[in-house]
Every structure is written in C-alpha cells, then in structure tokens.
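One structure below.
The values are calculated or read from the model by the stated rules, or taken from the named source; none is laboratory data. Keep in mind that this is a model prediction, so the values were computed, not measured. Here the Cβ positions follow ideal geometry from the backbone for every residue, glycine too, while neighbour counts run over all protein chains shown.
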Amino acid sequence: MAELLFFALWILLHICHMRLPEYYNFQWLRMGPEPTDERVPLSITVEAKSKVAVIAITGYISEYSKNNSGQVIKDIADAKDKGIKEAEIYINSQGGSVFEANEILNLIDDNFDKITVKVGALAASAATIFPAKYPTTVKANSQIMIHKPMMGVGGNEDEIEARLKLLKNLTSQYRKMYAKKMGITEKALEALWKTDFWMTADEAKKRGFVDTVEGSDEKIDANTRLQLVACGAPNIPNPNSGKQQISNKNKIPRMELSVLAVQLGLPSTATQEQVDAKIKELNEKAAKVEALQNAADNKEKAEKAEKIKAILDKAETEKKIDATMRSNYEAIGENNLEQLEAILENAKPIEAVSGQLNKKNDGGATASGKDRSGWTYKDYQEKDPEALIEMNEKEPEKFEALYKEFYKED
C-alpha cells in the first residue's frame, strides 16, 4: 500500500513538473501596490435608501475576493426591481485590479441613470476610476492618489509584447480619463503621474479631480489606516485623527522605499526616517570625497603651472623667448606639456633668427618671398619659432601633423 501511494505521489509530481511552464505564463494588471498580507479584503454592499442605491466599495479591489463584481450583480438587480434609477458610490479603497474596477464600474454604469461618488478617507490607484468618471464629493481629510497602471507578465517574447500592448492601451485609457476630468492636457498629466501622485481633498478640488469638499472629516478606523499603510500614503493618521498636509516632494511610496532601502544597504522594512538619514550620511560622505577630489585637481593644476613657469623661465634666460611670447607658450604647455618642452629644447636663441621673423603671406611665403610650403617642424623651430606658435593657435591640425612627423608619432 505504501509503495502504491509513493508511486501515485511520484506520478502527480511528475505531471505537475511537466505542466510547470504553464504556470509561468501568467499576467496580472493592477493600479495599486503589490498585494501583501496587510491588505483589507474587498467589500461591496448595495443598500436602498430613499430611492437611491448606495453602493459601498471598500478594501483591496480584486476579482479573487469573496465579494466581487460577480457577487454584486444580484444586489444591483434587486435595486432595479424596486424602481431605483440613481446610485451613490461610496469609495474607501487603496485600489487593486484594473479589470475588476472596470467591471464594477460597468455594472453600475449600465444599470443606473444618475451616478454620484462619495470618497471616504482614501481613493487610490484603481479606485480613482470612480471619481474620475462621475461627480464626486470628498471628506476634508480624504487622500487621493493616481499613478500609471502596472503589470506583471510571463511567457515568451510574443506573449510579453501582446501584454505590453494591453498595458499601453489601458494606460492611454486612464490618461485620457484623468486629463478630461482635471481639464488639462494629456502631456500635463504625464508630468504628474510618473510616480504616485497624492492630493489632499483641497488640492484634488483645485485640480478638478473632485467636485466638492465637505467640511467634516472621515472617521479613521483600523482597516482604513491599514489601507493607507499598504498603498504607501504620505500621511498615516492614527484612528479618529483629523486631516494632515500631504507633500509629494519628500515622501517615497512604500514599494519604492523598500527597494531604495535595500539599495542603500538597509533592511527592506526601513522607515522613511531611516532612509532619509542614510541618504544624508551618504551625501555627506560624497561631499567629502568631492572636496578631496577638488583639492587633488587644484594641486595638480598648481604643480603643472609651476612646471610651465620653470620651463619658460629657463627659456627666457637662454634668450629663446622674451616676455611678450610667454602667454603663447603657456597656452601650448597647458594643452601639452611635453610639446612645450620639445619646442623649447630645440629652439635657438632669438638673436640667431631675429632677421628671419617675417609674417607669412597667403601663398605660404614670407614677406620677402621665401616659400615655406616645404618647411618641416624643425625648420620652423630654427628659422621662425613665432610662426610655429601662431600655427599652433590658428592651424592646430597642421601644427599637430608637423609635430608628429618630426617626432615620428603615430
């Protein structure tokens, strides 16, 4: 019997192993943080109140939840049977599946003539499809977050390309929807939602994303706080606390914070404060390194300047140059110290060539008519060093060619 069970188990494992590649052919598409154990399960309820169907959507939006779009169809049908044609959607959600959020919206849109939205403490990610579509009222302490859809895929290159096309289509859909609601161009929206873009109630109203801000605050319970933590909200109020100022400048989304923490050598659970402290420490170290590098660069420049000065002082003592020529030779030295040394090493005293310092005419001859077209680097050194300096300034390629030919450089 034991052998039979072992054989059956071996067959089962073998079959699972053979089918394993199929498991990697997966896809998920969401607009919220990656699901974690901290997420609050999706809850959808439909309640008739004074000829209005109040549809409350809270928690992480997922088709795999016990409460999902499939479960709410019957409740919506019951509301329609009672002659209800108006719906009020209550949202308190961190977001989740784009597909499930769209399906819920379509069910509501197809069955009611008038639809409005009320936001509790949170409407983030995929949950923002509702305020983006319908007239929306928020509480004074509501927090709103938009960002681009995200997708995880697997499979071969063709399957991944197909799913990428799907992601781009959905991104375009949300881009158009958000831009229309906010009354801005798609290009302007693109600058906002490259990462998580958080808004206070007042800012969301100012930007046109919501229509009305109530004076009262939404009660912050344990589940709401858990959702704010799970989606990386910039402000995590304690239960029953009031509104707080939101800033997109310094707060890092939770998922990005975890990745950044690991890259900085910290645990993935590091807090914003720990990450900020580590970044400050590294910036201080970087500033010290930069200061040391600048000091080293300045020292090198000073040493090079001293070498150039020594070479020119020697050349001037040996009557190879005079004070009026130093600046030209300094430029050569700053560009190539070895060239400067070679030029002055082979130069003759000025007195030996003073009668030959003539300017070149356009035909490559001196004012006295002497042709220089065949002159070598050595000819210029011996017969007209000032012309060599002028060539280095005005015709650097010709100077370089003569120099390399003379010293047999490649």
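Considering each of 331, 310, 342 in turn, give the residue that is exposed (fewer than 13 other Cβ atoms within 10 Å of the Cβ) and in a helix (DSSP H, G or I). I'd like the intermediate steps shown before the answer.
Details: 331 fails: exposed (fewer than 13 other Cβ atoms within 10 Å of the Cβ); 342 fails: exposed (fewer than 13 other Cβ atoms within 10 Å of the Cβ).
Every option except 310 fails the conditions.
Of all residues in segment 210-259, count the ones that are at pLDDT 85 or above, in a loop (DSSP other than H, G, I, E, B) and hydroxyl-bearing (Ser, Thr, Tyr).
So the count comes out to 1.
Cβ contacts < 8 Å: first residue closer than 17 Å to residue 95 by Cα and assigned by TED's automatic domain parsing to the domain that holds residue 57, restricted to segment 202-230; second residue of a type in the set (Phe, Trp, Tyr) and part of a helix (DSSP H, G or I), any location; separation 6+ or different chain. Result?
From residues that are closer than 17 Å to residue 95 by Cα and assigned by TED's automatic domain parsing to the domain that holds residue 57, the pairs are 209/178.
Give the residue, chosen from 303, 290, that is within 45 Å of the chain's Cα centre (by Cα) and either within 30 Å of residue 264 (Cα to Cα) or not in a helix (DSSP H, G or I) (or both). Give the derivation first.
Numbers: 303 fails: either within 30 Å of residue 264 (Cα to Cα) or not in a helix (DSSP H, G or I) (or both).
The conditions single out 290.
Going through segment 191-221 one residue at a time, which ones are of a type in the set (A, V, I, L, M) and surrounded by 13 or more Cβ atoms within 10 Å (Cβ to Cβ)? Quick ask: steps written out before the conclusion?
Kept after step one, since they are of a type in the set (A, V, I, L, M), are these residues of segment 191-221: 191-192, 199, 201, 204, 210, 213, 220.
Correct list: 192, 199, 201, 204, 210, 213, 220.
Yes or no: segment 271-285 includes at least one residue that is farther than 30 Å from residue 342 by Cα and outside any helix (DSSP H, G or I). Break it down stepwise before answering.
Quick first cut of segment 271-285, residues farther than 30 Å from residue 342 by Cα only: 271-285.
Okay, now just the ones that are also outside any helix (DSSP H, G or I), so 271.
Within segment 271-285, one or more residues are farther than 30 Å from residue 342 by Cα and outside any helix (DSSP H, G or I).
Before we move on, is residue 122 in contact (Cβ under 8 Å) with a residue 60 or more places away in the chain, closer than 26 Å to residue 55 by Cα and within 24 Å of the chain's Cα centre (by Cα)?
Numbers: in contact (Cβ under 8 Å) with a residue 60 or more places away in the chain: yes; closer than 26 Å to residue 55 by Cα: yes; within 24 Å of the chain's Cα centre (by Cα): no.
Here the answer is no, as residue 122 does not meet what is asked.
Of the residues 192, 167, which is over 22 Å from residue 211 (Cβ atoms) and in the same structural domain as residue 99 (by TED's automatic domain parsing)? Can you show your working first?
Working: 192 fails: over 22 Å from residue 211 (Cβ atoms).
The match here is 167.
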